[in-house]
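The values are calculated or read from the model by the stated rules, or taken from the named source; none is laboratory data. Keep in mind the model is a prediction, meaning the values are calculated, not measured. Cβ: placed from backbone, ideal geometry, glycine included. Neighbour counts: every protein chain shown. These area figures cover heavy atoms from the full protein model, side chains too; ligands, DNA and RNA do not enter into them. Shrake-Rupley method; radii C 1.70, N 1.55, O 1.52, S 1.80 Å.
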Amino acid sequence: MTHRLHLLLGLLVLSALLAAGCTPRGGGGGGGTDDDAAANDDDAANDDDAADDDDLFSDDDDAVSDDDDAVADDDDAMSDDDDDDDDTLADDDDTASTGFDFNQIQFSFTVEASAPDAGGEHDLSAVFFFTYVMYDQSAGTAQVTCNQRVEVDGVGEYGFGLVPGCTNCTGLMSFDPATTVDTSDPSVNPDDCDPAFLVANDVSMGMAMLKAFGSTPGYWTSDTGTRNWGDFLTIPTVDANTQASLTWDGSATGAVDLTAAGNEDWADTTYGADFTHVGLVNGSTGSNTLAAESGIASVATGPGPNSDYYFYFVIAKDPAANTHVGTDMQGPYFGFARFVITFGA
């Protein structure tokens, strides 16, 4: 399964951020010039304002006699290739579907950091969220398939010189793979993924990102076999003041403002939160990370020349719930990846 990173310009309502007490102020996603019904397509001549319009969102009634009686599918028209169509969203399937469809995964987390101990280390308790999404690029619509929740404990250290390959990093969150537990439970929360299903089908992204590369069992089947990546076991940080002093823009393309000012504006506008840190991932050649394989260096930058680590998470806090200010992290925070992993791209 090929994969690539893209800038995440839109937002889905993620349980991770709701759990952190940070309710999104506004959604995202693609727009268009829709002027009649939810998410229909009014951008071109002969669009779905025509007589054959059936008023379903995301449908396409440009062709004669097509039938869009389910979201984005085309399961009755002449010459379509879904004779065994199983009515799952957006499929056009020659083979039976498992009913678990996704082409993107979004990443976020919440973390609670303790005050430092005598050695200057902070205990960390984190919940990472992996949101499996079916995204229809032509319609600009996204549907959440399920949310995977993985808990893990770790340690935070803060100051310069902690991260080889990242001179300007000012902190490091290190998580212990032995403490990794998938706590998703669809019987309690219907939006959760079924952990047993993810493992049985080798698509447990949460476990693959929080288990060390080369460890067994592997939780994800990719082009190179069943494996783990371990990207999120170590997340270096750069605090907001240091990012501002570096005049560092985390975007390699300029498609979105990932400067300190841009991050603060995004966190405040979207969640009413205070931007505190950038979280980074290792994208260096030979790191064996998903970030490196997916081309993080083509969309993100590092906080200085020759950095092995690249911009990934905006980390923020609810100022009403956490009044701590500093280079370090104490209290509750949440992180949201500004990039989305896309499969089959």
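Karplus-derived 3J(HN,Hα) values for the stretch 246-258, using 6.51 cos²θ - 1.76 cosθ + 1.60 with θ = phi - 60°, are 7, 6, 8, 9, x, 8, 8, 10, x, 5, 8, 7, 10 Hz; glycine and proline are entered as x. Taking the protein heavy atoms of the stretch 167-304 in the context of the full set of protein chains, the accessible area attributed to carbon and sulfur is 52 percent at 1.4 Å. Length gained on full extension, THR253 to ASP153: 32.6 nm, using 0.36 nm per residue less the C-alpha separation.
With K and R counted +1 and D and E -1, the other residues having a Cβ less than 9 Å from that of GLY156 yield a net charge of -4. Across the stretch 224-330, the mean sequence separation of Cα contacts (distance under 8 Å, 6 or more residues apart), normalised by length, yields a relative contact order of 30 percent. Here the stretch 128-213 is treated with +1 on each Lys and Arg Cβ and -1 on each Asp and Glu Cβ, and its dipole about the Cα centre works out to around 260 debye.
Summary of packing: across the peptides 231-241, 258-268, 145-155, the per-residue average of other C-beta atoms within 10 Å ranks them, highest first, as 231-241, 145-155, 258-268. You can think of it this way: the chain between THR269 and SER215 has 15.4 nm of extra reach, that is 0.36 nm per residue less the Cα-Cα gap. Applying 1/(1 + (r/R0)^6) with r as the Cβ-Cβ distance of ASN241 and VAL199 and R0 = 56 angstrom yields a FRET efficiency of 0.85. Among residues other than SER215 with Cβ under 14 Å from its Cβ, the summed charge is 0 (Lys and Arg +1, Asp and Glu -1). With both labels modelled 7 Å from their Cα along Cα-to-Cβ, the LEU162 to ASP123 distance reads 1.7 nm. Calculate, for the stretch 101-254, the solvent-accessible area per residue in square angstrom, rolling a 1.4 angstrom probe over the heavy atoms of the protein chains. Ligands and nucleic acids excluded, the result is 41 Å² per residue. Stretching ALA320 away from PHE100 to a fully extended chain increases their span by 75.4 nm, per 0.36 nm per residue minus the current alpha-carbon distance.
As a rough guide to protection, the peptides 163-172, 205-214 ranked by mean Cβ packing within 10 Å, highest first, stand as 205-214, 163-172. Counting Lys and Arg as +1 and Asp and Glu as -1, what is the net charge of the other residues whose Cβ lies under 13 Å from the Cβ of ASP191? Charge balance near ASP191 sits at -2.
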